Amino acid sequence: MAKNNFNVTLDLGLLPEVKFQVSRTSGHNVLFMDLDASPAVSKWRNGTWHLALTAWERNTVADNGDTHFLKPRLGKETFDAMSDEERRNIPIVGNMAPVMQKGQQSAVGMQTVGAQQTQRPVQQQTAAVNLDSDEDDLPF
């Protein structure tokens, strides 16, 4: 059986209830997510948090080789309560493309030259916030 390995790219700014800040102390970019308000996030019995996504196969391969797109996976009750328009407007938060081995031909005619194709185009991040004011540290 052939292996189907994929590179996955997520645009973190498109995930529900995500905000970005620059730390006042370290200057690092920090991601905050309101875990209780995001229907695609759940806390498991062992105390860990999980983001559930669904990979949908594209009708045609994209110019950059993407074969799937990713959307947040919502619970059945949440999904059933949505209108058709709300369902269509669930954001695409990422993409998937097969990992290409050296010398392997992709579906869009590009050939890899290294051991693996690992770099993917970086999507522009949204919702960047810098807290230079006296506001509290949490963006929610």
Let me cross-check Ser83: its accessible surface, 1.4 Å probe, with only protein heavy atoms counted, in Å² to the nearest 10? 50 Å²
Accessible-area order (highest first, 1.4 angstrom probe) of the listed residues Glu77, Glu17, Glu57, Glu85: Glu77, Glu57, Glu85, Glu17
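Taking 8 Å as the Cα distance limit and 6 or more residues as the minimum spacing, I'd like the relative contact order of segment 20-80 as a percentage.
Details: 63 pairs, mean separation 14.3, N = 61.
Rounded, it is 24 percent for segment 20-80.
The values are calculated or read from the model by the stated rules, or taken from the named source; none is laboratory data. Nothing here was measured: the structure is a model prediction, and the numbers come from that model. Note: areas computed on protein heavy atoms with side chains; ligands, DNA, RNA excluded. Shrake-Rupley method; radii C 1.70, N 1.55, O 1.52, S 1.80 Å.
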